[in-house]
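Undergrad: Sharing a structure below in structure tokens format, with a few things to ask.
The values are calculated or read from the model by the stated rules, or taken from the named source; none is laboratory data. Since this is a predicted model, take the numbers as computed values, not measurements. Neighbour counts run over all protein chains shown; Cβ positions are idealised from the backbone, glycine included. For accessibility, only protein heavy atoms count, side chains too; no ligands or nucleic acids. Shrake-Rupley method; radii C 1.70, N 1.55, O 1.52, S 1.80 Å.
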Amino acid sequence: MKVNRVCQSCGAVTPLDTASFRCACGGLYRLSYPKGRIDFAATAVSRDRSLYKYAAALPFDARKKPWSQAAMGEGGTPLLELHKSVYCKADYLMPTLSFKDRGASVLMTAARELGVKEAVADSSGNAGTAIAAYGARAGIACHIFASAATSKKKLEQIEAHGALLHLTEGSREDVARAAIAYVRAHGLFYASHIFNPLFYEGTKTYAYEVFEQLSFRMPDIFLLPAGNGTLVLGVYLALTELKSWGYICELPRIFAVQAEGCAPIARAFERGEAEVREVENTGTAAEGIAIAAPARGAEILKAVRETKGSVLAVTDAEILHARAALGLRGLYVETTSAASYAAYLRMEKDGGAEGRLIVLPLCGAGLKG
Ligand SMILES: [Zn+2]
């Protein structure tokens, strides 16, 4: 299949390759390829419950099933009712225990098709774990850059998959800079869940599944955690596809959730700005969304505004309370993952949730940190 990358800044179109991860002009890529319309009536009753039942709208030749080497049954996670008309999607039931498996499976499958043997990624934890796991499945040696302060369980998991761990002191941004320097110095493939547009082709399946699980309709509101926005942008991509295929008329609202200690997108949203300015990370228990300068910040703001959504910043006290409340309902999730439920609890208190159908993800397992 012919897959192209389109620069979102200058419009340059180039074939998918392994050498560069952003356009010469500095712009970020989206993908362009012959995409089929998904037949949801058929996928809803498919015996395949994994995200590859949506192969018609993925950048692969479906007849060849190139994912069969890397896939581990990711996707098809349950939608559980938390309260009346409030559902959580249990993405902590993925093979590496987070929603990042959706993107990593698609990205590493494509990398294998491109002949990649060695890849580099940087992460605050879960994306690194997922890239390492799917890299191991696809026969791609992985270098994972992470902060030395990352929770120990996530680091152990990365090493268990045979990846070489490069621990870096400093901020999340310093970790990214170290990874990019390594990519350039060694001419390696950058399996970035932020820059590489293949990743969003995987995370978009989250919204396909919700559409199917709600009997072919969308919720009023998607409450989604946002650090680098890999789930926000994946869901937004799926919503635009569903609209173009005629399945929905209106886009459901995307509410992005940040942690108060590091909330650059919330600040830009409040100021009505189109770009996200770097903030100082003053610390938060939600390490997975503590991104001071999100590379796709402008795209996240655009997705939120186009859907008439909002950006909420929740405090650590709210997050820890939400995590404990979920635990008492039988759901043990990592601290970062409780941020979206914290946002729901605040909306409920303020009356903003009244009469709305809401879906939020629980996207990381409690044992991870
Ligand atoms: Zn460009």
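Undergrad: Can LYS89 be described as within 30 Å of ALA342 (Cβ to Cβ) and assigned to a helix (DSSP H, G or I)?
TA: Answer is no for this residue.
Undergrad: Okay, moving on. Consider LYS153 against the criteria (1) open to solvent by less than 40 Å² (accessible area, probe 1.4 Å); (2) in contact with a helix residue (DSSP H, G or I) (Cβ under 6 Å, 6 or more places away or on another chain); (3) modelled with pLDDT under 95; (4) not small (Gly, Ala, Ser): it satisfies all of them except one. Which criterion is unmet?
TA: (1)
Undergrad: Mind listing just one residue for me: the one in region 1-53 that is aliphatic (A, V, I, L, M) and outside any loop (DSSP other than H, G, I, E, B) and, of those, least open to solvent (accessible area, probe 1.4 Å)?
TA: Per the stated criteria, the residue is LEU51.
Undergrad: Looking at region 180-191 only, could you name the residues that are surrounded by fewer than 24 Cβ atoms within 10 Å (Cβ to Cβ) and not in a strand (DSSP E or B)?
TA: Matches in region 180-191: ILE180, ALA181, TYR182, VAL183, ARG184, ALA185, HIS186, GLY187, LEU188.
Undergrad: Right, another one. How many residues are closer than 19 Å to ASN228 by Cβ and more than 9 Å from the ligand (Cβ to nearest atom) if we restrict to region 7-47?
TA: Result for region 7-47: 3.
Undergrad: If you don't mind, there's one more thing I want to ask. Kindly establish whether ARG63 is open to solvent by 80 Å² or more (accessible area, probe 1.4 Å), in a helix (DSSP H, G or I) and more than 16 Å from the ligand (Cβ to nearest atom).
TA: Criteria met by ARG63.
Undergrad: Next question. Would a scan of region 283-301 turn up a residue that is β-branched (Val, Ile, Thr) and more than 16 Å from the chain's Cα centre (by Cα)?
TA: yes
Undergrad: Are any of the residues in region 157-174 of a type in the set (D, E, K, R), open to solvent by 40 Å² or more (accessible area, probe 1.4 Å) and touching a Leu at 6+ places or on another chain (Cβ under 6 Å)?
TA: Scanning region 157-174 turns up at least one residue that is of a type in the set (D, E, K, R), open to solvent by 40 Å² or more (accessible area, probe 1.4 Å) and touching a Leu at 6+ places or on another chain (Cβ under 6 Å).
Undergrad: For SER310, work out the one condition from (1) farther than 21 Å from PRO264 by Cβ; (2) surrounded by 17 or more Cβ atoms within 10 Å (Cβ to Cβ); (3) not basic (Lys, Arg) it doesn't fulfil.
TA: The number of the failed condition is (1).
Undergrad: Hey, another quick one. Which ones in region 219-231 are over 10 Å from the mean Cα position of the chain (by Cα) and surrounded by 23 or more Cβ atoms within 10 Å (Cβ to Cβ)?
TA: Across region 219-231, the qualifying residues are ILE221, PHE222, LEU223.
Undergrad: While we're looking at this one, here's another question. Among the residues of region 92-132, what is the count of those that are outside any loop (DSSP other than H, G, I, E, B) and open to solvent by less than 10 Å² (accessible area, probe 1.4 Å)?
TA: Residues that pass the stated criteria total 23.
Here's the yes/no breakdown for (1) closer than 20 Å to ILE289 by Cα; (2) in the same structural domain as LEU16 (by TED's automatic domain parsing); (3) in a loop (DSSP other than H, G, I, E, B):
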site	(1), (2), (3)
TYR134	no, no, no
ARG137	no, no, no
ALA146	yes, no, no
GLN157	yes, no, no
LEU167	yes, no, no
GLU173	yes, no, no
ALA176	yes, no, no
HIS193	yes, no, yes
ASN196	yes, no, yes
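Undergrad: I'm trying to understand the selection: among the residues of region 201-243, which are over 23 Å from ALA42 (Cα atoms) and in contact with a Leu (Cβ under 6 Å, 6 or more places away or on another chain)?
TA: Residues satisfying the conditions are ASP220, LEU223, LEU224, LEU231, VAL232.
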